[in-house]
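K.L.:
Questions regarding the structure given below will be posed in turn.
The values are calculated or read from the model by the stated rules, or taken from the named source; none is laboratory data. Note that this is a predicted model, so its numbers are computed, not measured. Backbone-built Cβ (ideal geometry, glycine too); neighbour counts: all protein chains shown. Ligands, DNA and RNA are excluded from the accessible area calculation, which covers all protein heavy atoms including side chains. Shrake-Rupley method; radii C 1.70, N 1.55, O 1.52, S 1.80 Å.
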Amino acid sequence: MEGAISTQSILDSAYILSKTPGFSQTRFKEAVFYLNNYLNIYSVDIFNVESALRHPSGDFEDDVHWAFADATSCDVVITGDKKFCTHPDWEGYRKMECVTPKEFVERITDQTSAQ
């Protein structure tokens, strides 16, 4: 299993978490360094943006994330936005499974404990 995360997701997380009481930029940076050991971190690029511009969903941010996930050959997308993989305008595009962060942790914990 390989994991990928976009630089945009890291930036979005930093912004959202900075609004949370008790947020620590130092701890956030430590977490990103930690993730760097286990995930491939890719930049959203002009090709992702161009693909999103051609995508019909009408939600540009989701379209860019979808284009990124497609370009990095993701089979599973970890998101709290369950509609991300089920948008009706995405019929005919490559299917990706969506799981919540909690579902993903449960899934990999079950697989790890079964070995």
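K.L.:
Kindly provide the set of residues from segment 95-114 that are open to solvent by 90 Å² or more (accessible area, probe 1.4 Å), modelled with pLDDT of 70 or more and not acidic (Asp, Glu), ordered by number.
P.N.:
Correct list: Lys95, Lys102.
K.L.:
Quick one: is Phe28 part of a helix (DSSP H, G or I), touching a residue at least 24 places away in the same chain (Cβ under 8 Å) and surrounded by 11 or more Cβ atoms within 10 Å (Cβ to Cβ)? Even if it seems obvious, please write down each step before you answer.
P.N.:
Numbers: part of a helix (DSSP H, G or I): yes; touching a residue at least 24 places away in the same chain (Cβ under 8 Å): no; surrounded by 11 or more Cβ atoms within 10 Å (Cβ to Cβ): yes.
No, not satisfied.
K.L.:
Find all pairs meeting these conditions: Cβ atoms under 7 angstrom apart; at least six residues apart or on different chains; first residue within segment 1-13 and within 15 Å of Tyr38 (Cα to Cα); second residue open to solvent by 50 Å² or more (accessible area, probe 1.4 Å) and among the small types (Gly, Ala, Ser).
P.N.:
Thr7/Ser43
K.L.:
If you don't mind, there's one more thing I want to ask. Somewhere in segment 62-77, is a residue more than 17 Å from Gly3 (Cβ to Cβ), at pLDDT below 85 and more than 11 Å from the chain's Cα centre (by Cα)?
P.N.:
No, every residue in segment 62-77 fails to be more than 17 Å from Gly3 (Cβ to Cβ), at pLDDT below 85 and more than 11 Å from the chain's Cα centre (by Cα).
K.L.:
Looking only at segment 31-71, which residues are among the aromatic types (Phe, Trp, Tyr) and open to solvent by 60 Å² or more (accessible area, probe 1.4 Å)? Reasoning before the result, please.
P.N.:
The first filter runs over segment 31-71 and keeps only residues among the aromatic types (Phe, Trp, Tyr), leaving 33-34, 38, 42, 47, 60, 66, 68.
The answer is Phe33, Tyr34, Tyr38, Tyr42, Phe47, Phe60.
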